[in-house]
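Note sheet for the following structure.
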């Protein structure tokens, strides 16, 4: 079987407010539609995005792996355009989903697909649990029985040939694809929906969606870093981006900033992406004497590219001298500036080894770092 997903994103969404259609507005730093597409990648074999003619450029940037189809004057016309584009392509099942439902869970998609084994159509829904009123002029003028009523969601799934024939026969004006299917005599099974599968419709829905994302998608990563550099001849050391006067320097392939190296490795570690040596091999002469902010900024950019933010980080410098306390605040500020984070998320402190070991003998400096990355 070949399964396609049709993501309907051609509307203008004026009720959501803003200067651009809601599917292109940002939700947790990415367009709403980006979250929707991510939910279906890997769950289906083909991805089709129905777009407004004005949105080609941004749709192509966001969905280069998808077939882009221009929408029609109504939602059902848009869906039909997508189905016609898939006709003859060997698709056996299709999921039709609102582009403005960015939080659809994998379990909901799986339930719809499983129901298609026994039914020509299936859709997620939630039972109506609130009392239902009729209102007029701001007053309650009646009630309705909620028994047997459901709140419809998407994706609505169908056997492809059946729903294509149903759309071809429908006169237009359907509220959703279940209405089109039922008009053609197709049975549609109800599967359990999910409260988080909201459709972004009004301005306040963006905040609701972000809150749900934080509750559902919180991902916390911890990484540790450790580095050592020996002393050599010189008159200063670089520590956490600050030039500290000293009667010795630190020996290293780059500028030997032991604190920044440890922190960089902590971020790489939290991302499960190796260490500095993997990204900046010491065998490569271009990194000889390089400033360590290059490494830390690279790690911070990778962190953001993977969708993470820095929760906090902590660097501990282990040495007898130079004294770190007078420079700690400047070090915090420099690390925060390099990573593009608030200084309150950065800690720099020092300790001695009580004259024990190589640091106690003032042969070098060691540094330990921990980084906490959060994706929500």
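The values are calculated or read from the model by the stated rules, or taken from the named source; none is laboratory data. Given the structure is predicted, the values throughout are model-derived calculations rather than measurements. Cβ atoms come from the backbone with ideal geometry, glycine included; neighbour counts cover every protein chain shown.
Taking residue 44, is it more than 26 Å from residue 305 (Cα to Cα), modelled with pLDDT of 95 or more, surrounded by 14 or more Cβ atoms within 10 Å (Cβ to Cβ) and in the same structural domain as residue 204 (by TED's automatic domain parsing)? The answer is no for residue 44. When residue 232 is tested against the conditions (1) free of Cβ contacts under 8 Å to residues at least 60 places away in the same chain; (2) not in a strand (DSSP E or B), the lone failure is (2). The single condition among (1) surrounded by fewer than 22 Cβ atoms within 10 Å (Cβ to Cβ); (2) in contact with a helix residue (DSSP H, G or I) (Cβ under 8 Å, 6 or more places away or on another chain); (3) touching a residue at least 60 places away in the same chain (Cβ under 8 Å) that residue 281 does not satisfy is (3). Just one of (1) at pLDDT 95 or above; (2) surrounded by 13 or more Cβ atoms within 10 Å (Cβ to Cβ); (3) touching a strand residue (DSSP E or B) at 6+ places or on another chain (Cβ under 6 Å) fails for residue 141. It is (2). Suppose the filter is part of a loop (DSSP other than H, G, I, E, B), touching a residue at least 24 places away in the same chain (Cβ under 8 Å) and at positive phi; does residue 185 pass it? Considered against the rule, which asks whether it is part of a loop (DSSP other than H, G, I, E, B), touching a residue at least 24 places away in the same chain (Cβ under 8 Å) and at positive phi, residue 185 comes out as no. Listed by first and then second residue, the pairs with beta-carbon distance under 7 Å, at least 6 apart or on different chains, first residue in region 150-176 and closer than 14 Å to residue 95 by Cβ, second at pLDDT below 95 and crowded, with 19+ Cβ neighbours inside 10 Å, form an empty list.
Checking 129, 74 one by one, the residue that is assigned by TED's automatic domain parsing to the domain that holds residue 16 and touching a residue at least 60 places away in the same chain (Cβ under 8 Å) is 74 and no other. Here is a check on your reading of the model: is residue 336 within 30 Å of residue 35 (Cβ to Cβ) and at pLDDT below 95? No, not satisfied. Checked against the criteria, residue 27 counts as buried (at least 19 other Cβ atoms within 10 Å of the Cβ), more than 24 Å from residue 175 (Cβ to Cβ) and touching a residue at least 40 places away in the same chain (Cβ under 8 Å). Just one of the listed residues (122, 100) is assigned by TED's automatic domain parsing to the domain that holds residue 49 and more than 18 Å from residue 9 (Cβ to Cβ), namely 122. Taking helices (runs of 4 or more DSSP H) as the structural unit, those lying wholly within region 241-310 and holding at least 3 residues that are over 26 Å from the mean Cα position of the chain (by Cα) and within 24 Å of residue 351 (Cα to Cα) correspond to 258-270.
A single member of 302, 317 is in the same structural domain as residue 263 (by TED's automatic domain parsing) and in contact with a strand residue (DSSP E or B) (Cβ under 6 Å, 6 or more places away or on another chain), and it is 317. Is it the case, given these coordinates, that residue 368 is surrounded by 14 or more Cβ atoms within 10 Å (Cβ to Cβ), in a strand (DSSP E or B) and assigned by TED's automatic domain parsing to the domain that holds residue 243? It is true that residue 368 is surrounded by 14 or more Cβ atoms within 10 Å (Cβ to Cβ), in a strand (DSSP E or B) and assigned by TED's automatic domain parsing to the domain that holds residue 243. Residues in region 345-358 that are farther than 14 Å from residue 309 by Cα and either part of a helix (DSSP H, G or I) or in contact (Cβ under 8 Å) with a residue 40 or more places away in the chain (or both): 348, 357, 358. Against the definition (in contact with a helix residue (DSSP H, G or I) (Cβ under 9 Å, 6 or more places away or on another chain), outside any helix (DSSP H, G or I) and at positive phi), how does residue 157 come out, yes or no? It is false that residue 157 is in contact with a helix residue (DSSP H, G or I) (Cβ under 9 Å, 6 or more places away or on another chain), outside any helix (DSSP H, G or I) and at positive phi.
Could you go through region 190-208 and let me know if any residue there is in contact with a strand residue (DSSP E or B) (Cβ under 7 Å, 6 or more places away or on another chain), at pLDDT below 95, in a helix (DSSP H, G or I) and assigned by TED's automatic domain parsing to the domain that holds residue 15. Yes, that holds for at least one residue. No other residue among 104, 108, 79 is outside any helix (DSSP H, G or I) and surrounded by 15 or more Cβ atoms within 10 Å (Cβ to Cβ) apart from 104. The condition of being under 19 Å from residue 109 (Cβ atoms) and either in contact with a strand residue (DSSP E or B) (Cβ under 9 Å, 6 or more places away or on another chain) or modelled with pLDDT of 90 or more (or both) holds for only one of 6, 69, that being 6. Here is the figure for region 160-181: residues that are in a helix (DSSP H, G or I) and under 38 Å from the mean Cα position of the chain (by Cα) total 14.
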